[in-house]
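The values are calculated or read from the model by the stated rules, or taken from the named source; none is laboratory data. Computed from a predicted model, the values in this text were never measured in an experiment. Positions of Cβ are backbone-derived with ideal geometry, glycine not excepted, and every protein chain shown enters the neighbour counts. Remember, those area values only see protein heavy atoms, side chains included, never the ligands or the DNA or RNA. Shrake-Rupley method; radii C 1.70, N 1.55, O 1.52, S 1.80 Å.
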Amino acid sequence: KQMKSMNIMIKALGGAVIPMANAFLILLLVTAIYAVIGVEMFKDRDPKFSKFSESMFTMIQCATGDDWAAGIARPLFGRTEQIDYFVAVYFTSYMLLAGIVLLNVVVAVLLDEFILAVSESRQEGTLKLTMDRKSKMETTAIDPFLATLTKLNSVQNLERRIQDIYACLDVNLSGSISFEEMTTGLKRLNFEPSIHLSHDDFAVMTEGVELNEKNEIAGVDFQQVMMNQLQLYIQRHISNRLVDMSDEDNPIKSVLLVLKHVTVSMKEQNLNIVRREERMQQDLERASNEVQAVSEKLDMVLSLISAPNRSDSRPSSIDLEPPLV
């Protein structure tokens, strides 16, 4: 930790070299201007301003605040010690400009570089921590596709979107898609980042789904697979956000995503109930039609059986002889 703090200090000093050099150059230029004026005005009154080098050193002494008023400025007033307004304005303006403004500019530049170095160090630490957390997060190959499905606001739009994707993947219009068709189609759709599906990913996705003899998945099964993968994606997203709580927006996004997941699940359950009732109604109608057909056939059979019996039951004429008395 101590070496890290020293690294920050060295980095700040290195970054402040050029800005501090510019600030010192401006300070030197202002000092040189005042030194030239001092030589022209005070060379006959004080040996400290007899030539440019002496005047330059004297003004630097003033900038440091070392006895500039009593030792340099006041002797120029003369023996009367009355205020010479030109001398007063000359030294006061220089002290305000060089001794206060420009020297504080140098300190401000150095302080800004220290703050910048500390901020960059913290950002690097936060980025490294974020990358470590992301490396521990669970992801799948089709997460970019599933992320687009979470933006849909209804189950109907979700099912329509899945059907559109399936139509894009089923290039040969065979009614089913293979692993090769899915891989090529997902790459062609240009998701960001690009989707690279492997055989293992396809096997995990289609686990529990009955494939045809060509190892292809049908449209209805594809929709159910995508619904299941979407639910798993939402669960993974929630788990990952619980791990990564550094971003203030992540908990809010996770809550909204959970609410959307619950809403979609409830709507999907309602649709399943409606579909189940429709299937039961169709089954009842089919059973009723079959019972009616069987009843009609039974009536026909009974009529055919009873027809010969009626033809054989004609009344026979029997001659009854009167009894003998």
In Hz, Karplus ³J(HN,Hα) per residue of the stretch 17-28 (6.51, -1.76, 1.60; θ = phi - 60°; x = Gly, Pro): 4, 5, x, 5, 5, 5, 5, 5, 5, 5, 4, 5
Sorted peptide list for 115-121, 30-36, criterion being average Cβ within 10 angstrom, highest first: 30-36, 115-121
Mean shadow area of the stretch 1-130 over all directions, Cα convex hull, nm²: 9.8 nm²
In order through the stretch 61-72: 3J(HN,Hα) via Karplus (6.51 cos²θ - 1.76 cosθ + 1.60), integer Hz, x for Gly, Pro: 4, 5, 5, 7, x, 7, 6, 6, 7, 6, x, 10
Using a Förster distance of 35 Å, the FRET efficiency for VAL17-THR126 (Cβ separation, nearest 0.05): 0.80
log₁₀ of I(q)/I(0) at q = 0.18, 0.19, 0.25, 0.27 Å⁻¹ - the stretch 140-201, Debye sum with one point per alpha carbon: -0.67, -0.75, -1.15, -1.24
Largest to smallest accessible area among PHE42, PHE191, PHE86 [probe 1.4 Å]: PHE86, PHE191, PHE42
For the stretch 91-105, 3J(HN,Hα) per residue [Karplus equation, 6.51 cos²θ - 1.76 cosθ + 1.60, θ = phi - 60°, Hz, x = Gly/Pro]: 6, 5, 5, 5, 5, 5, 6, 8, x, 10, 6, 5, 5, 5, 4
Cβ-Cβ FRET estimate between ARG45 and ILE100, R0 fixed at 22 Å, reported to 0.05: 0.25
